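Below: one structure, written as structure tokens.
The values are calculated or read from the model by the stated rules, or taken from the named source; none is laboratory data. What you see is a predicted model, and the numbers here were worked out from it, not measured in a lab. Heads up, the Cβs are rebuilt from the backbone with ideal geometry, glycines too, and the neighbour counts pull from every protein chain shown.
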Amino acid sequence: MRKNAKEKLKRTLKCLLMGIIFAIGAVMVFVNSGIGHSYIVRSNAEKVSRNLTAKQAIKNAKKSTSYDVTKTKPVTAKTLFNASHYPALPIGRMSIPAVNIHNPVFKGFGTQGQNLSYGVCTVLPDRTLGSENNYVLAGHYMGNYGPAILDNLHLAKTGDVVYVTDMTQIYAYRIEKLTLALDPHQVSVEDNIPGQSSITLITCSDFDIAKYGYGKHRTVAQGTLFAKYPATKANLIKYELANRNVSNNQPQPQHKTAVSRIQNSPLQRCTLSQIIRIFAIIWVVSMIMLITIIWKE
């Protein structure tokens, strides 16, 4: 009997060891995958912009940054890890409700290029939101996993509205032009148009690699300012610029700005923390079942 119990204990320890090795392997595969990167970036974006106030946004806008595009890198597990060591300070938020795009906005790319791992970034230092200039924002294409950052920009249409806030005012721009195959060196899209308040959103056209190549073309949406609203709590919720936790706990406004054309799957609607909890529960239950089988033999 004692020998049998000792053998079962050995098998239990072996089962636990194999389970731990499997869990570590699964985590490594996840964090190095495109879907893992997408969920991590979405989680990062929500954390750094949580409960952002006008006072904080103004303070963050005064911090030093870099507009050196050569410091930017594709999103990998390594760049996400490195980015976590440097502060990401949002100066506002942006949304395109019609295509389910919601992001914090950052001043420049960050001193170490970290801001692109959290949301969209201003590309030029001399442009201001809502003024007579071209306000240029850039962000990564993460893949159709969530979506994250500007994944759905290629699904936008003329007439869709881009809302951007500095947490003091909300600026509404109507998209008038969408380009899917812009050469990366064609930077004239960033030029100002005299007397016009405009916005330009830029991301990679990696949604169709067979047609556009990987990182070889850019998707660009351009729009013109047509309205401005105070950044009240009600307006932030109405234009989908509020902290996700706040907006999810508030009743929907009577007049919706737009109905999203993008319907995410249940998995895409999950957060990183929810995925971690689900995986942990499955792992624990599996271990309990396997150990129970061992000791019932």
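Among residues of region 57-89 being touching a residue at least 60 places away in the same chain (Cβ under 8 Å) and within 17 Å of the chain's Cα centre (by Cα), the one that is surrounded by the most Cβ atoms within 10 Å (Cβ to Cβ) is 75. Remark: pairs (first residue in region 207-221, over 10 Å from residue 181 (Cβ atoms) and assigned to a helix (DSSP H, G or I); second residue modelled with pLDDT of 75 or more and of a type in the set (Ser, Thr, Tyr); Cβ separation under 8 Å; 6+ apart in sequence or on different chains) = 207/141; 207/219.
Answer yes if at least one residue in region 99-121 is over 27 Å from residue 33 (Cα atoms) and not basic (Lys, Arg), and no otherwise. Steps first, answer last, please.
Filtering region 99-121 down to residues over 27 Å from residue 33 (Cα atoms) leaves 107.
Among the residues that remain, those that are also not basic (Lys, Arg) are: none.
No.
Screening 110, 92 for residues that are in contact with a helix residue (DSSP H, G or I) (Cβ under 8 Å, 6 or more places away or on another chain), over 24 Å from residue 172 (Cβ atoms) and buried (at least 24 other Cβ atoms within 10 Å of the Cβ) leaves exactly one candidate, 110.
Restrict the check to region 147-154 and report whether at least one residue is within 20 Å of the chain's Cα centre (by Cα), part of a helix (DSSP H, G or I) and either surrounded by 18 or more Cβ atoms within 10 Å (Cβ to Cβ) or of a type in the set (Val, Ile, Thr) (or both). Yes, because at least one residue in region 147-154 is within 20 Å of the chain's Cα centre (by Cα), part of a helix (DSSP H, G or I) and either surrounded by 18 or more Cβ atoms within 10 Å (Cβ to Cβ) or of a type in the set (Val, Ile, Thr) (or both).
Checked against (1) among the polar types (S, T, N, Q); (2) exposed (fewer than 13 other Cβ atoms within 10 Å of the Cβ); (3) closer than 19 Å to residue 140 by Cα, residue 53 meets all criteria but (3). What pairs come out if I take residues in region 19-39 that are at positive phi and part of a helix (DSSP H, G or I) and pair them with residues that are among the aliphatic types (A, V, I, L, M) and at pLDDT below 90 whose C-beta lies under 8 Å away, six or more apart or interchain? Hits for this filter: zero, empty list.
Output the number of residues of region 83-135 satisfying the condition of being touching a Phe, Trp or Tyr at 6+ places or on another chain (Cβ under 6 Å), assigned to a loop (DSSP other than H, G, I, E, B) and of a type in the set (S, T, N, Q). Looking only at that region, the number is 1. Residue count for region 165-198 under the criterion of being assigned to a strand (DSSP E or B), farther than 15 Å from residue 99 by Cβ and not charged (D, E, K, R): the result is 9. Of all residues in region 138-160, exactly one satisfies the criterion of being in contact with a helix residue (DSSP H, G or I) (Cβ under 7 Å, 6 or more places away or on another chain) and β-branched (Val, Ile, Thr), namely 149.
Could you tell me whether any residue of region 100-107 is over 17 Å from the mean Cα position of the chain (by Cα) and β-branched (Val, Ile, Thr)?
Initially, region 100-107 is screened for residues over 17 Å from the mean Cα position of the chain (by Cα), giving none.
No - not one qualifying residue is present in region 100-107.
Residues considered: 195, 213. Of these, the only one that is at positive phi, surrounded by 12 or more Cβ atoms within 10 Å (Cβ to Cβ) and either at pLDDT below 95 or among the β-branched types (Val, Ile, Thr) (or both) is 213.
Comparison of 84, 43, 64 shows that the only residue that is among the small types (Gly, Ala, Ser) and farther than 28 Å from residue 277 by Cα is 64.
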